[in-house]
C-alpha cells in the first residue's frame, strides 16, 4: 500500500491587517500553510513577517519557499489615519512595493501571483462596451482607482 503525503501549498498573503486577508487566511489555512505580511506589526497565530516590501534582502527572505503570493495591496488602517502624505504613500505602495514583491517572486521562481485590484477601473466606461485587443485604459485621476491601475 502506498502512503501518499498531502502537500500543503505555502501561500504568502499581504495586507495582513485587512479584513479580506484575515478571511482568506481563515478559509485557506485548513489546506495550506499561510505566511502573512503587512507594513505594520500584527498579532496573529499564523506565521507573520512585518515588511515594508522594500528592494532589500528582507523581501527576498519573505518570499523564500513560497508557492503562491496573494497581494491584496491594501494599506493598513493605522497608516490611513494619518492623511498627511496619503496620496504618495498609496501610489508608492501600489507601484514600488508591488514591483519589489514581483521582483523577489521572480528571483525565487514563484509562478503564482495574484494581485487584487478593483472593478472601479471600469466604472466610467459604458456598460455595453466590448473590450478587445485594441482597447486602451483611460484611468481616472481619482487616487484609489489610479493607484490600483498603476499597480
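The simple Förster model, with R0 at 35 Å and r as the Cβ-Cβ distance, assigns residue 124 and residue 6 a FRET efficiency of 0.15. Ordered by the number of other Cβ atoms lying within 10 Å of each residue's own Cβ, fewest first, 114, 63 fall into the sequence 114, 63. When each of 21, 57 is scored by the number of other beta-carbon atoms lying within 10 Å, the sequence from fewest to most is 57, 21. Residues 87, 43, ranked from the fewest to the most other C-beta atoms within 10 Å, line up as 43, 87. The mean sequence separation of alpha-carbon pairs under 8 Å and at least six residues apart, normalised by the residue count of segment 10-116, gives a relative contact order of 31 percent. Placing dummy labels 7 Å off each Cα toward the beta-carbon, the span from residue 64 to residue 47 is 1.1 nm.
Taking 0.36 nm per residue of separation and subtracting the current Cα-Cα distance, fully stretching the chain between residue 87 and residue 117 would add 9.1 nm. Normalising by residue count, segment 10-116 has a Cα convex hull of 91 Å³ per residue.
Each reported figure results from applying straightforward, stated rules to the coordinates on display, with no laboratory input. Since the structure is predicted, the reported quantities are computational estimates derived from the model, not experimental observations. Positions of Cβ are backbone-derived with ideal geometry, glycine not excepted, and every protein chain shown enters the neighbour counts.
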